[in-house]
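Scroll down for the structure; my scribbles are underneath it.
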Amino acid sequence: MNLKELTAEEKRVIEEKGTEAPFSGEYENFWEKGIYVCKHCGAPLYHSENKFDAKCGWPSFDDEIADAVKRTPDPDNQRTEITCAKCGAHLGHIFQGEELTPKNIRHCVNSISLKFKPN
């Protein structure tokens, strides 16, 4: 697998399962059409049409590309972590039952874990 060299901050989030500060990420308030891929391996993760404004400070999606995202309960069983199914890069967490979209699911993703590719 060909992985991108990461900066120290990218490593902190992607490899060490950190979180970027809310409302600080490149894609938090970004609405161009295209696809979001994993910053580490380039695997397609999300289509822009599934992005919505959850007003939470991070990019939010209500659906992923099939088989692109792995879900793992956090050790405390309070949240579910989402990672790139291809390389294991930490993306963020998934939440259900908030009723923010008809799909009733929110992938709360760190911008630093993503790269945007326009259509």
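Couple of notes before you dig in:
- Available extension along the chain between E16 and D67 is 16.1 nm, counting 0.36 nm per residue and deducting the alpha carbon span.
- Annotation note: chymotrypsin sites (Phe, Trp or Tyr not before Pro) in the stretch 4-64 located in DSSP loop regions with a Cβ neighbour count of at most 12 within 10 Å are F23, W31.
- Its Cα gyration tensor gives the chain an equivalent ellipsoid. The semi-axes, each the square root of 5 times an eigenvalue, are 19, 17, 14 Å from largest down.
- Taking a ≥ b ≥ c as the square roots of the eigenvalues of the Cα gyration tensor, the stretch 20-88 is oblate, since a/c reaches 1.5 or more and a/b is not larger than b/c.
- Sparse packing (at most 16 other Cβ atoms within 10 Å of the Cβ) combined with a DSSP loop state is found for the following trypsin sites (Lys or Arg not before Pro) in the stretch 1-64: K4, K17, K33, K55.
- Largest GNM mean-square fluctuation among N50, N77, N29, using the chain with Cα springs under 10 Å: N77.
- Within a Gaussian network of the chain (alpha carbon springs, distance under 10 Å), most fluctuating of E20, E28, E99: E99
- Net +/- balance of residues flanking T101 in space, Cβ distance below 12 Å, scoring K and R +1, D and E -1: -3
Since every read-out is calculated from the coordinates, none of them should be taken as a lab result. Bear in mind the structure is a predicted one, so any value in this text is a computation, not a measurement. In this analysis, Cβ positions are derived from the backbone assuming ideal geometry, glycine residues included, and neighbour counts consider all displayed protein chains.
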